[in-house]
Structures are given as C-alpha cells and as structure tokens.
Amino acid sequence: MTGVLLVILQIIVATAITPLLVGVMRQVRARMEGRVGPGPLQPYRDVRKLLAKEPLRAEGSSVLLVAAPLVLLVSSLLVVALVPLVTTATVIAVPNDLFVVVSLLLVGTVAVALLGLDAGTAFGGMGSSRHMMIAALVEPTVLMSVYALSIPIGTSTLSRIVVARGTDIGRVVTPGGLLAVVALVVVVLAETGRLPVDNPSTHLELTMIHESMLLESAGRDLAWLEVGSWLRLTALLGLVVNLALPWGLASDVRPLPVLLAVGALSVKLLVAGALVAAAEVFMAKVRLFKVPELLAGSFVLAFLAVTASYLAG
Amino acid sequence: MTTVLTVTREQLAAAVGGLLGDGLRLVLVAAHEQRDGFRVVYVLLGRHDRTEVVVTMPRDDAWLPSLAAVSYPAGRFEREIRDLYGIRLVDHPLPHRLVRHAHWPTGYYPMLAGAGPMPVTVGEASYPFLEVEGDGVYEIPVGPIHAGLIEPGHFRFSVVGETILRMKARLWFLHRGIEKHAEGRPLDEVLALTERISGDTAVGHSLAYAMAVEEALGVTVSEEARLVRAQLLECERVYNHVADIGAIVNDVGFSIVAAHTARLRERLLRHHEEVTGHRLLRGAVTLGGASLRRPVDPDLVGRAADEAVELAHLAMSHSVVADRLHRTAVLSADKVRHMDVLGYVARASGVSTDTRADHPFVDLGPAFHVVTHPDGDVWARFLVRVGELGVSAAVIRDIADRLGDVLGDTATVSTGAGAGFGVLEAWRGRLSHRVELAGDTVTRLKVVDPSWFTWPALPQALGDTIVPDFPLANKSFNMSYAGNDL
C-alpha cells in the first residue's frame, strides 16, 4: 500500500514539474544567449493552448495519428512510475527492473517512429529513419551502463541500485560508476533530442529528427506528444541524477521524508536541467553522420564501465 | 562608352558569340513590345565598354534563335522572354517553362500590352521533374511553404539514404508583375517601386534604377551625391552580411552567435532609421542625387562590424562548427565561370568578380579591395562575408571622412526620351537595371537581380552533400526569391 501511494505521488510530482523543467532549460539558454526568453512557465501555457485546440488530422492518415501520442504518453508515465525519482518504494506487481524500463522507452520510440511514417510525408519518414538509427545506437548503451552499475550490487532493479549506492558512498565513487554515469549522460542527451545530436529549436525541416515526426500532429495529439517526450526527459535525467547523487529519496509515507524527497528531486532535476541547457549554449549540432561516432564513444565508455565493475568487484 | 549593334536574327549568334569571345559578359536581356513586333536588347559589359546588341522581329513571325550554346545565362533569359512575351525559341536545349507559374492559362503572356489582369485558373499541367530511378532512391519534396518565415521556394530532392543525388529548385511563386507595373508610371513612382523589389536590397535596386534613368536623360551626378550613394550601398552590405553570419552559424545549432548578430543588425537598422528615415535605407537615393537626414556614424557601423567579425571568429574556432562548414557544398571555379555566378558566391570559389572594381561609379578609396577565397565551400562563403564586412566598414569610414558634414546633393532631372543602363555591386553581387523612357514616364523597366545568375549554381554545389546539410548550403548562398522572380 505504501508503495502504491508513493508511486502515485511520484507520478503526480514528476508530471507537475516536467513543464517547469523544460521551461527552465529554455529560459537558461535564452538568458545565456542574451535573449529575454518567454519565462520558465511558458511550457504550461503551451500545453494548455494545445489541449484547447481541435486536432487536425491529415487526409489518408490512420488511427495511428490518434493512438501513437497516447502510447507515447502512457509509456512515458509508466517509465516515470518505475524509475526511482521521489521514492525507492515499488509496486510489487511491476518490477522496476532495468530491462522493463528500457523496453518501455522503446515502446514510446517505436510509436513515434510509426507516427512519422503514418501520414506518408517525406519529412516524417526521414525523421523516423534518423530516429530509429539513433535509438538503435542508444538503447545498448543505456543497458550496458546501468548494467555496469548493477554489477557491484548484484541486481538489475533500479530502486535497489539507488538504495545500495545511497547507503555506501564507496559504491558511488568507483571508476566503473563514473564511466557509466558519463555514458548515460551522453545517451540521455541523444535520446531526448538535445544538442549536439538534435536541435530542439530548429525550424529547418530537413535537419530535424524528433520534430519532423511531429509535423503532422496538431492540437491535443501534439500536446500528448510534447508531454510524453518531456516526461522521458524528466525520467532519464532524474534517473541519472539519482544514480549520481542517490540521496534524499523517500521510502515510506511519513510527511517529512516525502516533502524532503519532493524538494530534493526538484532541486536535483532543475539544477541538472539548467546545467544541460548551459552546456548546450556552447555546443553546435554535429554532422548527422558523426552522430554514430559520438554514440559509439559513449558505448565504449559503458563497456569500459562494465569491465571496470567486474575487475573491481 | 556604349556601342549599339543592330543585327538580324541570323547574325545574332555570331555577333553575341564574338563579343563573349572578346571577354564581354552578358548581363541583361530585355524584350520590348512594339507596335508591329518585338525588339530584344542584349546588354554585354566589358572592362571599360558596353555593347548593346539589338534584334527586331515582326509580331506574326516572333521567334528567337537560342544562344544557350554560347552562354548559359542567355538560355535562361530566353526562357523568361518566352514565358512573358510568347516569343518562340528555336533550338533551345532545355525549353521548359521558367517564370511561368502553373496557374497561368495557356496563351497568357503577362508582359504583352493586351494581357490584362492575371486570370485565376487552374494550371494546365504539372511541372515535369526528372525522376531518378534505382534501388533505394526516393524523393523529398520541400516547400513552397516552409516551417520558418522564409520566402516560398520548392525543392525536389532525389536521395539515397541521406545523400543528395539531384536537386531541382522551383522558385517562381512570387511573380508580382513589377516590370509591367512600372510601365507608364512617372519616374519617381518607379523609384519607390524599385526600392520594394527585394526588401534587403532597397539601395541596390533603387540606385541601379536611378543610374539608368540618369544615363537615359544625360544627368550628371555630383561626386558628393555619388559618395553618399556608395556609403549607403556599403551600409546595406554590412547589415546583410552581419545577419548572414548569424544565420549560417544558427543553422548548425550554435544559436548564441545568431542571437548576438540579431542584436547588432537591430542596432544598425535603428541607425539607418536615423540616417535615412527608414530602417531598410529607403528614401535616401533620389533621381539625380542622394540625401541623408544626418551623416552615417562610421564609429557605430565600425563597432558593429568588429563585433560581428569577433562573433564569426568565435564560431570558426568551435571545432564542430568548423567541421560542419568545411568542405560542405563545394562549388568549383569552372562552374562559376560557366554559369556566370556572381557576388560573394563567385568570390568564395576564387573568381575575383566585383562591379565595384570593374565598373566603379565613384572612387572608393584605398581601403577597398576584393576579398576572395579559393575553396568554394560554405566555409569560404562565410569567410568572404567576414572579410567584406571589414572592407565595407573601412570604406564607410573613408567616405565619411571625405564627406564631412555633407548630407548629399541633387541635380535637376529634366524629362525626355531615351534608354539608359545602370549597374552596380549590390550586396549579393552585380545588379543591373535598363530603362526606356518617354516624356516623364517609364515605358520599359528591366531588372536583373544577382540572384537570377546565382540561383542555378546552388544545385551544382550539392554533389556529395547530405540532406541535413542542405539548409546550411542554401543559407551560405542566401539568394533572393523576390529579386529573382519579379
């Protein structure tokens, strides 16, 4: 029962803070570039506007145009529920196992890729093909790096990894652990469509990856897609910060630890988001054919992390 | 010095071919409707002289021998004349429609006297794109409506994976009938019209028109007025190059540079408003002269140019930006010469062509020199812009010193009949106007924007380029859609 309550709380908190995270990232970038920016609350207004709009659907498009945004949203909500963000408590029925989380991420990825293909436009297809190429390079690295973190603890359950790391500082600062976290950061940037892999603020159809798959969606459909992909950012960024700084998570429903956990998550997420946005100011988008090199590099890091964990263990 | 050669259609190819062989360049071809037929004027420009080759034909036997074999631009001018006047082309190697939009009805030629307003109908046939066939080849149609606020143009890519095999641009969605609109209007009204041909080239177009009218009427413009004109032209170059530097870098996602060049451009535009009364420098060039409200501040322009150069160096020292720009969309010098490409695109391929050096209308002082780069890639086009920024800022300062407090000068412009030609180096390259006047009205205005010459080179630069690099290649050319399609 405790677990269910805490997981529900986690979903509510994460969903509520996600637009703020995106807004803070955009605002930090705007301010650092010398622009005024729309303010950190703009994503809330964007979602409200999109939800109020009638979704226009292209002629000849199928039920996918309606279903894919919902699949993405639901899969993202499930990921948010499973990844230890506010709490390390779990619902017994659903294991928050590493492999379950990665599979759920893939469900969302495939849904968006199919959405891109659905309307039969060239941009959507182009975006889907690029998206799948990146997904194929990212998923093994996510698996490898979390696997490296799971070796010393002996389980692939994310919450136990976080708890074990939190109770023993010696397990956080290991060569394998550091390598794995670095590898994870790179793939999180790729997975969530940030620079240097994708440019979330471009208007150039031909260079887009994530955005080009959403071109045919409007209104409510687009709102679900936006919230769905933002939630993935929250979940993945939250996972990374909690693996790197595994303190402050709640394990029962007493008010003080829960409040502390919510506060800790908000601070960790927003600071991490601001750091990512600040780093992006100094980055440019790499040539598309160099993306595999970048991701292969992070795979090598993850592989070294696994090796180092075995040697250390 | 102008020579006029009147030839028959049979002699045309030999006459124009001979002049091209002597090193003259074809800069403008204008058709004119007369009572009993058509007259076509070919303007060729040499180092110090100009030759106009004139050919006439009766209305019931209106055909023109194609010169596409001797000059690539001639082939395009001919297609324009065919689409606008209905003159048949003989032996043209690629007689597809050019200017003609799909919704124009068959037999509608907008430049003819009896054409009337453009009827709104559904077009006859779709435009035939060459289909590339093979395993895994697919087409990407882009535009004419784009995701950003840019001009309309349709690009059809034939692609394998991400590599572009072939790209065809259809740009003719902006026919506003500017040349037709100018006919029968007073000289000063047409001056205002030319300022609006392409928003970013207000000085270039209005000045070329003013120079053409002055030549037709034999008006001598004082040196002060010519200096003010040259300064305005450089101001236009500076603000556009500043914007381009930011736009090119923004296309690789390094948006901090774009944010700051936008700030610099805004500072320059506000200064323009103080100097001329208009942010885009409209209204300063007059027939017979030029006048400012207050002198151009060379320190303000110089500081903006310096800051933009600093931003450009910041971008160039970024390894990812440098990697994206280097060896992307290479245009060879051979193609530049063959297609008669103009402006910074030609200079970035190592071809030193600049009307300011070849046909100056005023001495620009010791600071002026032509900036070139041998590589022909996006990097080179970026660097040429950066170099030209410095040159233009220095020229503006030089002219400001020579002018002192002088705000311009104007000569009285009489009325009369005649034909005149004006050519100058606008910021995109050589720009020319040719006018024919009768009394106090314009009977024919022919405008050639540098984009007309340079657009066809863009697909030629895309060999080995990948689709996501196309916007970068396109931005490094930054040709005008509105100047191209009148």
Per 10 angstrom bin, beginning at 0 and ending with the bin that holds the maximum distance, the Cα pairs of chain A fall in percents of 6, 27, 36, 24, 7, 1
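Enumerate by residue number the trypsin sites (Lys or Arg not before Pro) in region B:4-42 meeting two conditions: DSSP loop (anything except H, G, I, E, B), and at most 16 other Cβ atoms within 10 Å of the site's Cβ. Numbers along the way, then the final one.
Working: sites: B:ARG9, B:ARG25, B:ARG35, B:ARG39; in loops: B:ARG35.
When the trypsin sites (Lys or Arg not before Pro) of region B:4-42 are filtered for loop state and at most 16 Cβ neighbours within 10 Å, B:ARG35 remain.
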Potential extension, B:VAL406-B:GLU10 segment - 0.36 nm per residue separation minus Cα distance: 137.2 nm
Residue (of A:ALA190, B:PRO105, B:GLY404) at the positive-pole extreme of the protein assembly as shown, dipole from beta-carbon charges: A:ALA190
Per-residue [θ]222 nm for chain A (sum of -39500 (n - 2.57) over DSSP H runs n ≥ 4, rounded to 500): -24000 deg cm²/dmol
In Å and from the alpha-carbon atoms only, list the Rg and Dmax of region A:110-176. 18.2, 53
Cα coordinate range in chain B, projected on the principal axes (Å, largest first): 68, 62, 44
Report the Cα centroid-to-centroid distance between region B:373-426 and region B:218-248 in angstrom, as an integer. 4 Å
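Expressed in nm², what is the orientationally averaged projection area of the convex hull enclosing the Cα positions of the protein assembly as shown? All intermediate terms of the calculation are to be shown ahead of the outcome.
On the way: hull surface 150.0 nm².
Its average projected convex-hull area is 37.5 nm².
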Cα lying deepest toward the dipole's positive end in region B:224-286, options B:VAL228, B:ILE248, B:THR286, charges on Cβ: B:THR286
Point-to-point label distance, A:LEU275-B:ALA438, nm (Cα→Cβ direction, 7 Å offset): 7.8 nm
Compare A:MET283, A:MET126, A:MET213 in a GNM of chain A, Cα atoms joined below 10 Å, and give the one with the largest fluctuation. A:MET283
Once you have a ≥ b ≥ c as the square roots of the Cα gyration tensor eigenvalues for region A:30-131, tell me rounded if a/c is under 1.5, and otherwise prolate or oblate according to whether a/b is larger than b/c. oblate
Between B:ARG196 and B:THR56, what is the spin-label point distance in nm, taking each point 7 Å from the Cα along the Cα→C-beta axis? 3.6 nm
Taking 0.36 nm per residue of separation and subtracting the Cα-Cα distance, what length does fully extending B:ASP188 through B:HIS338 add? 50.3 nm
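Take every DSSP beta bridge with both residues inside region B:2-90 and express the antiparallel ones as a percent of the total, to the nearest 5. Walk me through the numbers before you get to the answer.
Details: 17 of 26 bridges.
Once the DSSP bridges in region B:2-90 are tallied, antiparallel ones form about 65 percent.
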Surface/4 of the Cα convex hull for region B:2-90, nm²: 5.2 nm²
Note the direction-averaged projected area, equal to a quarter of the hull surface, for the Cα convex hull of region B:230-339, in nm². 8.9 nm²
Simple Cβ-charge dipole of the protein assembly as shown, Lys/Arg +1 and Asp/Glu -1, about Cα centre, in debye nearest 20: 1660 debye
Would you mind computing, in nm to one decimal, how far apart the modelled labels at A:VAL107 and B:ASP135 are, each placed 7 Å from Cα along Cα→Cβ? 3.7 nm
What translational D, rounded to a whole number of µm²/s, comes out for region B:376-460 from Stokes-Einstein when the hydrodynamic radius is the Kirkwood one over Cα pairs, at 4 °C and 1.567 mPa s? 78 µm²/s
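Work out, in µm²/s and without decimals, the Stokes-Einstein translational diffusion coefficient of region A:182-313 at 25 °C, 0.890 mPa s, Rh from Kirkwood over C-alpha pairs.
Numbers: Rh = 17.0 Å.
After rounding, the answer is 144 µm²/s.
Might you report the magnitude of the Cβ-based charge dipole of region A:155-313 about its Cα centre, with Lys and Arg at +1 and Asp and Glu at -1, to the nearest 20 debye? Don't skip to the end; give the middle numbers.
Numbers: 11 positive and 11 negative charges, 103 e Å.
Roughly 500 debye, rounded to the nearest 20.
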Over chain B, relative contact order from alpha-carbon pairs under 8 Å, at least 6 apart, %: 17 percent
Amide H neighbours of B:ARG25 under 5 Å, counting only residues 5+ apart in sequence or on other chains, H built in-plane at 1.01 Å? B:LEU45, B:GLY46
From the helices alone, meaning DSSP H stretches of at least four residues, give me the mean residue ellipticity at 222 nm for chain B, per-run term -39500 (n - 2.57), in deg cm²/dmol to the nearest 500. -12500 deg cm²/dmol
Chain A, Gaussian network, Cα under 10 Å: of A:VAL267, A:VAL80, A:VAL276, the residue fluctuating most is A:VAL267
Among A:LEU195, A:LEU269, A:LEU259, which one shows the highest mean-square fluctuation when chain A is modelled as a Gaussian network with alpha-carbon springs under 10 Å? A:LEU259
So if I place +1 on the C-beta of Lys and Arg and -1 on the C-beta of Asp and Glu, and nothing else carries charge, what would the dipole magnitude of chain B be about its Cα centre? I want it in debye, nearest 20. 460 debye
What is the Cα centroid distance between region A:53-104 and region B:143-191, reported in whole angstrom? 43 Å
Go through region A:165-176 residue by residue and turn each phi into a ³J(HN,Hα) via Karplus (6.51, -1.76, 1.60, θ = phi - 60°); whole Hz please, and just put x for glycine and proline. 5, x, 7, 9, 4, x, 7, 7, 8, 10, x, x
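Using the 2.2 N^0.38 Å rule of thumb for compact globular proteins, work out how region B:49-153 stacks up: its C-alpha Rg over that value, please.
Values: Rg = 17.5 Å, N = 105, 2.2 N^0.38 = 12.9 Å.
Cα-based Rg divided by the globular estimate yields 1.36.
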Spatial separation of Cα centroids for region A:105-146 and region B:343-371, in angstrom: 49 Å
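Coordinate-derived values only; no laboratory data. These numbers come from a predicted model, not from an experiment. Note that each Cβ is placed from the backbone with ideal geometry, even for glycine, and that neighbours are counted across all protein chains shown.
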